[in-house]
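*Asks:* Supplied in C-alpha cells, the structure appears directly below.
The values are calculated or read from the model by the stated rules, or taken from the named source; none is laboratory data. What you see is a predicted model, and the numbers here were worked out from it, not measured in a lab. Backbone-built Cβ (ideal geometry, glycine too); neighbour counts: all protein chains shown. SASA here: full protein model, heavy atoms, side chains in, ligands and nucleic acids out. Shrake-Rupley method; radii C 1.70, N 1.55, O 1.52, S 1.80 Å.
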Amino acid sequence: MKAKFISGLEKKIYHEFSKDVHLLLEANCYPDISKIAAWLLSIFKSRLTGKETFTSFDKATSESIITLLSDGDIFYFELFRSGSYINERTKERESKQPFTDVVQAIYESLFLDDRINDDKLIIYSELRTFVEEVLGRELAYDVSLQTYEEWLNIDKHLEIEYKIKEAWLNSISITKIRSEQTKFLKPRTRTSLTAIVSLIFSHRNQDKAAKDYIAKLKKLSKDSVFNYVEAATKDADMVHFTREINLQRELSQKLGTSAFLMFIDYLKYPIAQDHAVLLINNLDDYIDIIREICSRKPRKTSKEYLLLFALKNYFDFIMRSLSDLKRLAEYKPYGQINDSTLTEEAKKEAQHILDDWEQNRIQNSFNDILNIIFPKPSMSSSKYFLPFIDWLNSHSKLYLTHPGVAFKRKIIDVLNDSFQERLNMDSKAYHYMIDQVNGEVNHEGLRKMVSTLIINPSDISFRDKLYECYIKHLESKKFYWSAIGDIDNIEAINQAYFFSQVLASYENSFERWQDLFSKHKNTHEGWLSSSSDSTNRQREPYLLTAGVGMAYFNYEHEATTEASIIIFNVVNIALSQLRSTYNRSVLDYETPLWFSGVTVAKFAVGERDRFIDLIAQRIDSIKLFIRIVYEFLLNANVVDLSPSMRSCIKERIQNEFYIIESSKVDVDLRKDFEYYEKMKQTIFEKLATPANPNHLLADQFS
C-alpha cells in the first residue's frame, strides 16, 4: 500500500496543468453545491432502504435542480476559462455544461450502474472528484446514518465508488465510531477464515484453500517464532479482506493505534493479521503500533508474533516508499504531456523526501523502534531479542545484484549498523545470542557476532564460543555458500572473510585452518570428486576463501611474513585441487584464486611477479587466467610487474584468446565472449600504464 504523500505527488506529476486544481476548487466552491449533494443523498438513501430501480438522469431532475445545475455550469465554465485551464489544444473538448456533466456521471454511476468515464478533460475529472467528496461528507454528517449497521449498508452500496467512500469514511465522527465499536471490535472465536479474507491465490476453491491453510498452521513448529511467522504469513499480500472486515479495519484505524491493534489481535489467523499490518501506509504508524505491541496491555495473540508482523511490513513499506519516490523524482513525461511547472515542483519534492528518508528518517525510525523494543541497556533481557535478531538476520545483500534493489541494500546497511552499535556495547546480549543460537545461525548472524568480536577482542570466552558456533555452522547439513552465479560475489567473499577474522585471532590460526581444510577437502578420483555431498563441495571453496582471507587480515595488520606464507600455501592447494578436478564449475576454485590475486596486488608488492608466474604456469583455463589477472591489475595501486611478467600475460592472452573468441558466433555464448573481451581490453590498458590507482574492492573486505 502506498504512503499517502506518494499519492499526492503522483497526482501532481501525472496531471497536465500547472496549478493545484483541488485548491482552486476549494477556494472557489459553487455556493449551491451542497444542495446538489443533498439531492443526490436523498436518492441514495432511498437505495439504502431497498429501492433498486431508478429513472434516467433527465427524468430525475426537477426544474429547481436543473436551475441549480445550469448556474453551476456557468460558474465552473467561467472559472476554468479565467484560470487558463482551457487552451487552444484542449478547446475543442471544452464543455459548456461541465457541472451538469459531472453530476450526471455521478448519478448514473450510483443509480444506473453506468460507470463509463468519458470526462473530456482532466479538469472535469477533478471537478467530479470534488463533487464526490462533497457528497461523501454530506453522507457522513447525516444524523439518520450513524450506526454500524447503517455504515455496513452504505459501504455495500459504495463498493466501487472510491472517492465518495473515502470522503465518507474520513468524515465519520470519531465519537460516533467509538460509541459503536463494541459491534465490530470483538473476538472472532468461531469466525471462519473465508469470512475474514478472500484468498486471491486460490479464487476457484476458497473453502479448500482455507482448510489447507488451517491444516498447515496446525502442523507448523513453534520452536522458532520467526520461522513460524514466516510460514504462517506466506502469501499475506495475496489476500484481501471481505467487505465487512475491511470496513471494520478502516473504522478501527480511525480510533487510533490501540483499537487498531485490538482489531488485528481479534483477526485470529496470522495471514489475516499480517495483511492488516501490510495496509498501514505511514511510517510513524509503524512506530506507534510497535510501541503499542510492546506495552503492558495483554493480547490474545503472542506479542512476539505481532511484533514480527509489524517489523516485516515496516521493512517492506520503506522499500515501496523509496522505490515510489525514486520513480517520481526521475519521472519523464511521455507523449504530448508537457513537463509542467507543477511536475517539476513535484519531482523536486520527491527527491527532497527521498534524500531525507535515506539520510535521516529510516535510521531515526529504526532507532526509535530499537528503543521501544529494548528500553533497557541489556537487550537480552527482552523476550523479543531472539525473534528480533532472527528477523534482522533474514535480510541479506547476497542476492541483491540488480540495480532495482539498490535501496534494499541501503536499508539493510542502515538497520544492521544501528543494531550493531547497540550490540557491541551489550556484553550480556552478544553472549546470550551466541549461547542461544547453538550453531543454528546464518551468515548475517555470524557477521554481527564477528563485528562484535572485533570491537571486543579481549573477550576470549566470546571468541571461543563464536569459533565453535562457526564449526557447527560449517558442519551443519544446512550449510550453504556460493560466490558464483547471480549473486554479489564481494558479499559472498565477505561471508568467508568474517570467519577468517575469527581464525586469525588464534595464535595457531593456520594450523586450525589446515585441520579444517583436511577434514572437508574433496578427494578427486580420476576426474570426479569422491564426495557425493553437494554441501561439502561448498565447504571446500569456502574454506579456501577463508584461508586467503586470513592472509588478507594479516597483511592489513602488517604481519607480512605470516600473510605471505599463508597465501601461497592456500593458492598452491587451490591450484592442485583445480588441476585434479574434472569440471571447475562443480567446485568453485575460481573465487579463492581471484581473491588471492586481489590480496597480493593490494598488499604484497614484492610477491607480485611470483604470483603471476605461478598462475601462468599452473592454470590451464584461459578464462580463469584472464579473470585472476584482471582482478589483480584492477587492485594494484601501481602496475609494478617486471617486463617479463607483462609480456607473459600479454602473450598468453593473445595466443589463447581465440578459444573464447570462437564462442561469439553462438548466440548463447556471445555474452560470455563480451564479458572476457572487456576484461582483455582492461588488462592490456593496465599493462600499458606504469601506474594505476587502487579503485576497486580496496576497502570492501571488512
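*Asks:* Restricting attention to the range 428-464, which residues are assigned to a helix (DSSP H, G or I) and either without any contact (Cβ under 8 Å) to a residue 12 or more places away in the chain or surrounded by fewer than 16 Cβ atoms within 10 Å (Cβ to Cβ) (or both)?
*Replies:* Passing the criteria: Lys428, Asp435, Gln436, Ile454, Ile455, Ile460, Ser461, Asp464.
*Asks:* Give the residues of the range 78-119 that are open to solvent by less than 20 Å² (accessible area, probe 1.4 Å), over 18 Å from Ala60 (Cα atoms) and modelled with pLDDT of 80 or more, sorted by residue number.
*Replies:* Phe80, Ser95, Pro98
Rundown of residues vs (1) modelled with pLDDT under 95; (2) over 30 Å from the mean Cα position of the chain (by Cα); (3) part of a helix (DSSP H, G or I), yes/no style:
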site: Asn494; (1), (2), (3): yes, no, yes
site: Phe499; (1), (2), (3): no, no, yes
site: Arg512; (1), (2), (3): no, yes, yes
site: Lys519; (1), (2), (3): yes, yes, yes
site: Ser532; (1), (2), (3): yes, yes, no
site: Arg537; (1), (2), (3): yes, yes, yes
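*Asks:* Would you say Asp426 is at pLDDT below 95 and touching a Pro at 6+ places or on another chain (Cβ under 8 Å)?
*Replies:* yes
*Asks:* To continue, here is another question. Identify, by number, the condition in (1) open to solvent by less than 30 Å² (accessible area, probe 1.4 Å); (2) under 24 Å from Thr599 (Cβ atoms); (3) modelled with pLDDT under 95 that Ser663 doesn't meet.
*Replies:* (2)
*Asks:* Out of curiosity, is Arg610 at pLDDT below 95 and assigned to a helix (DSSP H, G or I)?
*Replies:* no
*Asks:* If you take the residues in the range 63-113 that are among the β-branched types (Val, Ile, Thr) and outside any helix (DSSP H, G or I), which one is nearest to Leu24 (Cα to Cα)?
*Replies:* Ile86
*Asks:* Scan the range 441-474 for residues that are of a type in the set (Ser, Thr, Tyr) and more than 16 Å from Leu503 (Cβ to Cβ) and jot them down.
*Replies:* Thr452, Ser458, Ser461
*Asks:* Let me ask another. State whether the residues of the range 474-492 include one that is more than 25 Å from Phe226 (Cα to Cα) and either open to solvent by less than 10 Å² (accessible area, probe 1.4 Å) or small (Gly, Ala, Ser) (or both).
*Replies:* yes
*Asks:* Whether any residue in the range 26-46 is within 21 Å of Asp118 (Cα to Cα), at pLDDT below 90 and surrounded by 14 or more Cβ atoms within 10 Å (Cβ to Cβ) is what I want to check.
*Replies:* For the range 26-46, residues within 21 Å of Asp118 (Cα to Cα), at pLDDT below 90 and surrounded by 14 or more Cβ atoms within 10 Å (Cβ to Cβ): absent.
*Asks:* Oh, and also: What are the residues in the range 55-74 that are touching an Asp or Glu at 6+ places or on another chain (Cβ under 9 Å) and either buried (at least 16 other Cβ atoms within 10 Å of the Cβ) or on the phi > 0 side of the Ramachandran plot (or both), if any?
*Replies:* Residues satisfying the conditions are Phe57, Leu68, Gly72, Asp73.
*Asks:* Go through the range 383-418 and report how many residues are among the aliphatic types (A, V, I, L, M) and open to solvent by less than 10 Å² (accessible area, probe 1.4 Å).
*Replies:* Qualifying residue count, the range 383-418: 5.
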